[in-house]
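What follows is a set of notes on a single structure, which appears directly below.
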Amino acid sequence: MDRGITPASGGIENIAWNVVGQTYVPKLHSANAFVWHATVPADTFVPPHIHPTQDEWINILTGELEIEFGHDEGNVTAHKASAGDLVCMPMGKAHGIFNRSGAEATCVFGVAPARKLFDLFKVLDGVTDPAELVRLSAMHEVDFLPPPPDAQ
């Protein structure tokens with residue numbers, strides 16, 4: 001990782017990706033960690049998935065998200081996270097991220113170690129076909145589960 005400041009108004013090399021209808025702006029990328037700013041419009045979601053090789057977290061800046069845990073265990077629980085909250089999602093455990101609040105949310109996501117997630121977001125930029133999203137994700141160490149029927 002290089003020392004310095006990544007400005008609030010941009011990210012690494014002014015990159016911005018459209019991933020599942022959300023805007024991701026990478027802020028830090030090294031072998032040890034990957035951090036990105038996300039703008040999460042109302043009624044968008046990241047379907048339930050597992051990072052088998054990474055811990056993940058979300059620091060909610062504005063708005064509210066619902067985080068669902070347990071899709072892999074058959075015991076789904078939903079938790080609301082609001083501005084200032086930190087959501088921790090351990091490696092190997094399924095989670096889904098939903099904006100059902102009716103308003104935009106912003107947050108900072110991170111994973112450690114970085115593994116292949118930065119490269120995944122590069123190839124997912126603009127992908128809208130769910131089958132292709134699942135295929136590409138599996139090649140980059142993210143395993144998607146079927147979305148719940150009430151995902152939206």
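For the range 117-139, enumerate the residues that are crowded, with 17+ Cβ neighbours inside 10 Å, farther than 17 Å from residue 38 by Cα and either under 13 Å from the mean Cα position of the chain (by Cα) or among the charged types (D, E, K, R) (or both).
Residue satisfying the conditions is 137 alone.
Of everything in the range 9-41, what is out of contact with any strand residue (DSSP E or B) (no Cβ under 8 Å at 6 or more places or on another chain) and in a loop (DSSP other than H, G, I, E, B)? Give them in sequence order.
Listed by number, the residues that qualify are 9, 21, 30, 31.
If you take the residues in the range 140-152 that are at pLDDT 95 or above and either of a type in the set (A, V, I, L, M, F, W, C) or at positive phi (or both), which one is most open to solvent (accessible area, probe 1.4 Å)?
141
Do you know which residues across the range 93-102 are surrounded by 12 or more Cβ atoms within 10 Å (Cβ to Cβ) and either over 15 Å from the mean Cα position of the chain (by Cα) or assigned to a strand (DSSP E or B) (or both)?
If the condition is that a residue be surrounded by 12 or more Cβ atoms within 10 Å (Cβ to Cβ) and either over 15 Å from the mean Cα position of the chain (by Cα) or assigned to a strand (DSSP E or B) (or both), then 95, 96, 97, 98, 100, 101 are the ones that fit.
The values are calculated or read from the model by the stated rules, or taken from the named source; none is laboratory data. What you are looking at is a predicted structure, and each value in this text was computed from that prediction instead of being measured. Quick reminder, even Gly has a Cβ in these numbers, built from the backbone with ideal geometry, and neighbours come from all protein chains shown. Surface accessibility is based on the protein's heavy atoms, side chains included, excluding ligands, DNA and RNA. Shrake-Rupley method; radii C 1.70, N 1.55, O 1.52, S 1.80 Å.
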